[in-house]
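Accompanying notes for the structure given below.
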Amino acid sequence: MTRSSQLNRRLLVSSLLALPGCTGLTQQIGERPLRAADTHPADYPTAQAVAWLGNTLSERTNGRLRITNYTGGQLGQEKDTLEIVIFGGLDINRVNLGPLNSVAAETVVPNLPFLFRSVPHMRRAMDGPAGDAILASLEPHGMIGLCFYDSGARNFYNTRGPVRTPDDLRGLKIRVQNSDVYVAMVEALGADATPMGYGEVYQGLVQGVVDGAENNWPSYDSSRHFESAKYISETQHVMGPDVLLASSRTWGKLSPGDRDLLRATAKESVSVMRGLWETREAAAEARMRAAGVQIETGVDRAAFEARMEGVYRRFVRTSEQRRLVSMIRNA
Ligand code: GTR
């Protein structure tokens with residue numbers, strides 16, 4: 001991030017935080033829009049779903065509830081925006097579960113490698129009681145979990161060469177989300193894990209600070225990571241979803257009727273998001289093929305999965321986590 005964009009961000013954040021003297025301090029929701037943030041650009045399915053949510057809320061309340069979404073990481077990396085949410089400077093945030101792993105132990109579960117057998121399995125589990133329990137686990141930490149958005153399956157990609165087995169990753173520096181589970185997963189595969197914000201990865205790859213990263217097709221495409229990391233392997237190691245959450249501070253200021261409306265409309269936005277996601281995922285993969293990336297389809301997934309026992313042992317510790325793992329396996 002350049003110095004001037006850092007400065008802009010600080011200015012934006014300080015106005016959002018409604019510092020003493022700012023008019024925002026006295027503005028109530030209704031007089032001002034709900035403020036949301038997303039690391040993805042405005043045309044990405046998560047941001048489009050939040051746009052739908054904002055428009056639908058506005059229609060249903062004659063313009064009283066509406067959303068301004070600060071997209072494209074304008075307000076910072078996910079770990080920063082989460083702090084602002086908890087502080088009450090942002091009302092809504094769409095993030096991955098990764099940066100929440102150190103906050104609420106339950107959020108670790110959907111990020112466990114090879115836990116979900118397929119995307120339909122992930123949807124079934126997250127739409128059911130296991131998903132509800134994980135959303136509720138955010139409450140003691142100052143956040144209200146509204147719903148999950150699809151995030152596809154994550155694949156490893158790198159600048160060096162094809163990866164079929166974990167040994168092909170050995171010694172590579174792989175960017176991961178700010179999550180100990182991700183760090184442990186990559187280390188178990190014999191690579192060096194470098195936690196870093198999503199918005200910093202493009203430069204990291206160009207400058208060789210990292211040799212690779214991992215993500216779903218739409219992110220690999222829209223982040224342009226593929227330009228330098230053109231070797232991608234269909235490892236599909238994590239299918240943990242993204243999550244839409246609200247600040248508990250904001251929640252406390254909403255009437256019970258508005259809370260119900262926000263929660264119900266957010267749940268409705270999930271099917272809108274999934275429709276957009278499916279189209280985008282197929283388009284992104286096709287675009288990547290056309291761009292000439294090297295796709296490794298003959299991945300030995302069993303060899304990757306076999307390395308994950310220690311990750312489960314280390315990160316599945318509470319009885320609630322064990323309960324969630326078995327609920328998800330049986331979903
Ligand atoms: C994307 C996800 C983002 C962010 C990003 C990352 O798939 O939608 O919220 O977590 O991955 O790798 O940081």
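So how tilted is helix 45-60 from the main axis of the chain? Cα-based, degrees 0 to 90, rounded to 10.
Value to nearest ten degrees: 20.
Can you tell which of Arg301, Arg287, Arg314 shows the greatest fluctuation in a Gaussian network model of the chain with Cα springs below 10 Å?
Arg314
Tell me, what is a quarter of the convex hull surface for the C-alpha atoms of the chain, in nm² with one decimal?
16.3 nm²
Calculate the FRET efficiency for Ser118 and Gln28 from the Cβ-Cβ distance with a Förster distance of 45 Å, rounded to the nearest 0.05.
0.50
Measure off 7 Å from each Cα along the Cα-to-Cβ vector at Glu234 and Ala306, then give the distance between these two points in nanometres to one decimal.
Each label point lies 7 Å from its Cα, and together they span 2.1 nm.
Which residues in the range 147-189 have a backbone N closer than 18 Å to a point placed 7 Å from the Cα of Arg313 along the Cα-to-Cβ line?
181-189
Full-extension gain between Ala286 and Asp260, please, as 0.36 nm times their residue separation minus the C-alpha to C-alpha distance.
Separation in residues times 0.36 nm, less the Cα-Cα distance, equals 5.4 nm.
If Rh is defined by the Kirkwood formula over all Cα pairs and Rg also comes from Cα, what ratio Rg/Rh do you get for the range 36-174?
Value, to two decimals: 1.01.
Can you tell me the accessible area per residue over the range 178-331, all protein chains present, probe 1.4 angstrom, in square angstrom?
That works out to 44 Å² per residue.
In the chain, if the dipole is taken from +1 on Lys/Arg beta carbons and -1 on Asp/Glu beta carbons about the Cα centre, which of Cys147, Asn93, Gln28 is farthest to the positive end?
It is Gln28.
By how many degrees, 0 to 90 and rounded to 10, does the Cα axis of helix 256-290 deviate from the longest principal axis of the chain?
It works out to around 30 degrees.
Tell me which residues come under 5 Å, amide H to amide H, from Asn69 once H is placed; ignore anything under 5 positions away on its chain.
Placed amide hydrogens put Ala36 under 5 Å from Asn69.
Roughly speaking, to the nearest percent, how much of the chain's 1.4 Å accessible area is carbon and sulfur?
49 percent
How big is the accessible area of Asp38 in square angstrom, nearest 10, if you roll a 1.4 angstrom probe over the protein chains?
Per-residue accessible area (Asp38): approximately 10 Å².
Quick one: how many Å² of Val119 are accessible to a 1.4 Å probe, rounded to 10?
40 Å²
Please name whichever of Ala191, Ile232, Pro41 sits farthest to the positive end of the charge dipole of the chain, dipole taken about the Cα centre and charges placed at Cβ: Lys and Arg +1, Asp and Glu -1.
Pro41
Could you list the square roots of 5 times each eigenvalue of the Cα gyration tensor of the range 121-239, that is, the equivalent ellipsoid semi-axes, sorted largest first and rounded to whole Å?
In descending order, the three semi-axes are 28, 15, 14 Å.
Considering only protein heavy atoms, with the full assembly of protein chains and a 1.4 angstrom probe, order Arg170, Arg32, Arg307 by accessible area, largest first.
Largest to smallest exposure gives the sequence Arg170, Arg307, Arg32.
Taking the chain, how many lysine pairs are there with alpha carbons less than 26 Å apart, if each pair must be eight or more places apart or span two chains?
5
Suppose only helical runs count, i.e. DSSP H with n ≥ 4. What mean residue ellipticity at 222 nm does that imply for the chain under -39500 (n - 2.57) per run, divided by all residues and rounded to the nearest 500 deg cm²/dmol?
-13500 deg cm²/dmol
Give the residue list of trypsin sites (Lys or Arg not before Pro) in the range 95-149 that are DSSP loop and have at most 16 other beta-carbon atoms within 10 angstrom.
In loop regions of the range 95-149 (DSSP not H, G, I, E or B), the sparsely surrounded trypsin sites (Lys or Arg not before Pro) are Arg117.
For the chain, with a Gaussian network of springs between Cα atoms less than 10 Å apart, report the residue from Asn111, Asn96, Asn62 with the top mean-square fluctuation.
The residue with the greatest mean-square fluctuation here is Asn62.
Any idea what angle helix 3-16 forms with the longest principal axis of the chain, computed on alpha-carbon atoms, 0 to 90 degrees, nearest 10?
Approximately 40 degrees, to the nearest 10.
Among Leu112, Leu90, Leu254, which one shows the biggest mean-square fluctuation in a GNM of the chain, springs joining Cα atoms closer than 10 Å?
Leu254
The values are calculated or read from the model by the stated rules, or taken from the named source; none is laboratory data. Being a predicted model, the structure only gives us computed values, none of them experimental. Please note: Cβ atoms are built from the backbone with ideal geometry, for glycine as well, and neighbour counts cover all protein chains shown. Heads up: the accessible areas ignore ligands, DNA and RNA and are worked out on the full protein's heavy atoms, side chains in. Shrake-Rupley method; radii C 1.70, N 1.55, O 1.52, S 1.80 Å.
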